[in-house]
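The block underneath contains the structure these notes are about, expressed in structure tokens.
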Amino acid sequence: MEMGLKLPLIHLRTSPTTKFYVISYNKGEFCKYKFPARIVSEQKFPFKFVRQSLGDKWKLNDISASSIQEGMNTLLSKTQDFLNEVSSPLAKSGQRRKSGPEDDFGFQVMEDIFMVEPTIDRRTENGILSFAAVICIEQFSRMNELTGKKMQKIYEALVPESVSRDARDLVEYCCFRFLSRDNSDFHPSLKEPAFQRLIFITMLAWENPYGDELSSMPEKTSFQSKLITEEAFVRIAPAVSGLADRPTAHNLFKSLAGDQGGISLSLWLTYLNELVKVYEGCKSYHIQEFPQLSEERILCIGSNSKRPVLKWEKNMAWPGKLTLTDKAIYFETVGLLGEKKAMRLDLSYEGLQVEKAKVGPLGSSLFDSAVSISFSPKSESDTWVLEFIDLGGDMRRDVWYALLSEIIALHKFVREYGPDDSDESLYDVYGSHKGKEKATASAINGIARLQVLQHMRKLLDDPTKLVQFSYLKNAPHGDIVLQTLAVNYWSGPLVTGFMNTRNKLTQETRPSNESPDSRNHVFDIDGSVYLQKWMKSPSWGSGASTNFWKNSSIKQGLVLSKNLVVADLSLVERAAVICKIKYQAVEKTQATIDAATLQGIPSNIDLFKELMFPLSLTVRNFEKLRRWEEPHMTVAFLAVFYTVIVRNLLSYVFPIMLMILGAGMLTIRGLKEQGRLGRFFGKVTIRDQPPSNTLQKIIAVKDAMRDVENHMQQMNVALLKMRAILLSGHPQVTTEVALMLLFSASVLLIIPFKYILSFLILDLFTRELEFRREMVKKFISMVRDRWHAVPAAPVVVLPYENDESRSVSPLKETGNQEKPQGSQNGVKPR
């Protein structure tokens with residue numbers, strides 16, 4: 001443990017009219033004080049000054065009140081000039097509107113953040129520290145009861161020299177060290193305006209830790225105009241508990257940034273203030289109608305005049321109030337006479353699934369604004385169909401679908417990756433009994449963020465991407481991220497000792513679906529243990545899981561906690577990065593498929609023709625060879641073919657074809673990487689269809705359906721004739737076909753295959769010659785006549801029966817079994 005310097009405080013004497021602003025951090029809260037300097041001299045600062053910060057050549061006896069007053073006046077004047085430059089963009093806009101008390105308060109908070117004595121040297125080996133980096137390092141150092149210079153020395157002593165030179169890692173260390181002191185589900189400092197702005201400045205400092213010049217000229221740019229990039233947001237925001245989840249941080253950034261390309265300070269403060277309101281509002285929920293709610297956390301209540309909730313039962317819609325908790329949903333219907341009826345559906349049951357549904361009167365699917373919650377297999381009696389009406393938009397149903405999916409996915413995650421509540425091994429690992437609470441708190445924070453984004457109208461097209469358990473359920477590599485989350489929630493130091501626990505576990509029965517590679521426990525980066533006994537999910541035995549956990553060690557980073565690693569990534573971050581890359585690859589592939597999916601039958605026919613053009617070209621050239629249109633090419637082809645047959649080289653033909661194909665693909669790849677094939681090589685180009693009105697489109701669809709029907713009829717007739725031949729529908733034809741098959745089998749058994757193939761090629765290439773043309777035509781005409789003479793198998797079409805008549809039909813069939821087959825009523829031979 002690093003301890004702050006125990007040096008005596010320096011009491012400064014200045015003018016009685018001089019005022020100071022001091023930011024202190026005490027028990028998770030920020031406090032701001034404004035008072036004259038004489039009072040400051042009688043109070044203790046919340047942080048300790050370091051003697052060396054006043055200069056190594058200074059002595060305490062040489063310090064005078066006049067020199068201190070002159071220095072403070074100079075510092076205040078510089079700060080005032082900088083704040084004037086910072087507020088200049090808003091001053092121009094203030095000509096159009098008056099500044100409110102919130103703006104004045106925001107400027108005052110920013111002024112308090114800037115009022116910090118820099119103790120760290122801005123000149124470094126890699127460049128000059130930016131103003132944001134200096135503020136971040138100094139403020140977090142004082143919140144850690146140290147100075148920036150002392151914090152830098154401690155950091156350089158803890159990490160290798162190659163890592164300590166990077167100012168970005170120093171920013172991470174100062175920020176993460178303060179954040180590691182709090183283990184709450186929602187960081188209490190997020191309620192403080194100073195901390196909100198400091199986190200914004202930290203992300204700016206992480207993104208640009210170095211400036212251009214040592215003077216303050218580059219820092220005159222207002223923070224109001226700067227934007228946070230995705231990389232900085234994904235790195236810093238999830239480190240603050242409650243702000244973001246690492247698996248979905250990139251989606252949260254896309255949702256907040258929108259088309260701006262980044263997150264501004266005003267948008268950032270709006271998001272945090274709304275998040276605090278939602279988090280505090282969940283605590284104030286209290287409903288007396290449901291006594292079970294005393295053991296559950298209410299997350300959302302859906303019911304008001306503009307946005308009602310309807311529950312559909314037997315084609316009837318009942319309005320009511322819907323309440324979502326971390327374990328169930330409650331629906332309180334209001335009857336025609338005003339009576340209330342409360343219902344509860346437990347969301348922790350196994351096999352529960354939620355789907356988007358369409359509802360409407362009389363069983364119609366008119367309104368696409370409902371959600372269906374049912375068990376698998378589906379049962380109508382246990383299915384809830386809830387319609388979410390939103391007069392102000394169309395995203396309410398999607399948001400509630402994401403909320404319900406997240407709670408169901410949460411309980412599925414706890415069942416698959418967490419130990420049972422009655423498992424005695426929970427007491428062998430310190431803190432593992434709180435794993436379920438941690439997972440639940442993470443889901444609750446995700447739901448709160450989703451509600452904030454809904455209020456800000458900053459949602460993605462698919463809101464399930466913003467809640468981690470629902471997102472990871474279908475994401476590629478998502479099971480590995482769930483494993484890291486399980487290790488993060490349930491792992492901890494062993495209480496009874498690693499060897500004793502391991503010996504006890506090896507004596508127990510192993511599941512049949514468990515991989516032999518998972519015999520050992522899993523360790524997190526801080527040394528905490530996740531027991532092998534808890535690995536119930538089959539995903540632990542996959543090859544991707546084995547490769548990930550083999551390479552899970554930290555190489556050069558500084559581990560402060562499970563979630564906070566300086567100059568490296570935690571296990572959850574590593575798995576989330578891989579999941580993000582794979583998900584982007586899937587989205588890119590799907591985008592190409594969507595772009596290739598054309599609307600309209602003519603366009604798809606043209607695309608099919610264009611894709612089949614190489615094959616049709618090959619068939620066309622082969623027909624030219626067969627018809628002897630170019631005799632020298634035909635002779636050359638036959639000479640090569642018969643040489644292969646005579647030399648017994650048929651077994652090498654297929655491998656050589658594969659080699660030629662592979663070499664051609666590699667050659668095309670190399671030429672394409674060199675840029676010698678052009679940008680448009682490989683793209684499929686077709687002509688668009690001419691413009692047409694609605695009537696012409698209907699006629700075209702009708703003609704296309706008629707052609708499809710004709711082809712289907714011809715195919716069905718051919719299949720029926722083959723069925724008649726195989727089942728002896730026409731005995732004479734069946735005998736002839738059977739004798740021909742027996743003769744062909746005898747020939748294949750007696751004569752070698754190469755001679756048969758030579759005969760078939762000779763027959764194929766001599767059909768169009770003069771001496772065989774008439775004989776071939778007569779043979780084809782005889783086969784066609786014989787085929788047309790084969791009768792099709794009979795088809796029986798039964799009359800239509802609905803669900804009610806099907807239950808009666810077995811009784812009728814038993815009564816008619818003794819009747820002749822020809823006397824059956826309602827049977828039409830075809």
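Structure data summary
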item: Criterion: under 29 Å from Leu607 (Cα atoms) and at pLDDT 85 or above - qualifying residue of Glu709, Glu673; result: Glu709
item: Filter result for the condition that a residue is within 30 Å of Arg767 (Cβ to Cβ) and outside any helix (DSSP H, G or I), over Asn710, Asn648; result: Asn648
item: Single residue of Gly262, Gly242 found to be in contact (Cβ under 8 Å) with a residue 12 or more places away in the chain and either in the same structural domain as Glu587 (by TED's automatic domain parsing) or in contact with a strand residue (DSSP E or B) (Cβ under 6 Å, 6 or more places away or on another chain) (or both); result: Gly262
item: Any pair with Cβ under 8 angstrom, 6 or more apart, that starts in segment 630-651 at a residue that is without any contact (Cβ under 8 Å) to a residue 24 or more places away in the chain and ends at one that is of a type in the set (A, V, I, L, M); result: Met633/Leu625; Phe637/Leu625; Thr643/Leu649; Val644/Leu650; Val644/Val653
item: Residue within segment 602-617 that is part of a loop (DSSP other than H, G, I, E, B), at pLDDT below 85 and not acidic (Asp, Glu) present; result: yes
item: Filter pass, Ile656 being within 30 Å of Tyr755 (Cβ to Cβ), of a type in the set (A, V, I, L, M) and either in a helix (DSSP H, G or I) or in contact with a helix residue (DSSP H, G or I) (Cβ under 8 Å, 6 or more places away or on another chain) (or both); result: yes
item: Boolean, Gly435 is under 24 Å from Leu243 (Cβ atoms) and crowded, with 19+ Cβ neighbours inside 10 Å; result: yes
item: Segment 209-245, residues that are modelled with pLDDT under 65 and touching a Lys or Arg at 6+ places or on another chain (Cβ under 9 Å); result: Leu214, Ser216
item: Whichever residue in segment 737-782 is outside any helix (DSSP H, G or I) and at pLDDT 85 or above and, among such residues, is nearest to the chain's Cα centre (by Cα); result: Pro752
item: Verdict on Ser294 being surrounded by fewer than 13 Cβ atoms within 10 Å (Cβ to Cβ), assigned to a helix (DSSP H, G or I) and either at pLDDT below 90 or under 27 Å from the mean Cα position of the chain (by Cα) (or both); result: yes
item: Qualifying residue in segment 691-700 (condition: under 30 Å from Phe771 (Cα atoms) and basic (Lys, Arg)); result: no
item: Candidates Phe178, Phe200 - the one that is touching a residue at least 24 places away in the same chain (Cβ under 8 Å), farther than 25 Å from Asp526 by Cβ and touching a Phe, Trp or Tyr at 6+ places or on another chain (Cβ under 6 Å); result: Phe200
item: Arg687, sole failed condition from (1) exposed (fewer than 10 other Cβ atoms within 10 Å of the Cβ); (2) in contact (Cβ under 8 Å) with a residue 60 or more places away in the chain; (3) part of a helix (DSSP H, G or I); result: (3)
item: Contacts under 9 angstrom Cβ, first residue in segment 708-732 being touching a residue at least 40 places away in the same chain (Cβ under 8 Å), partner loosely packed, with under 13 Cβ neighbours inside 10 Å and of a type in the set (A, V, I, L, M), 6 or more apart; result: Leu720/Val795; His730/Ala789
item: Selection count where residues are assigned to a loop (DSSP other than H, G, I, E, B) and either of a type outside the set (A, V, I, L, M, F, W, C) or modelled with pLDDT under 90 (or both), scope segment 161-189; result: 9
item: Single residue of segment 406-427 satisfying the filter (modelled with pLDDT of 90 or more and acidic (Asp, Glu)) that is farthest from Val529 (Cα to Cα); result: Glu406
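The values are calculated or read from the model by the stated rules, or taken from the named source; none is laboratory data. Since the model is a prediction, treat every value here as computed from it, not as a measurement. Glycine gets a Cβ as well: all are built from the backbone with ideal geometry, and neighbour counts include every protein chain shown.
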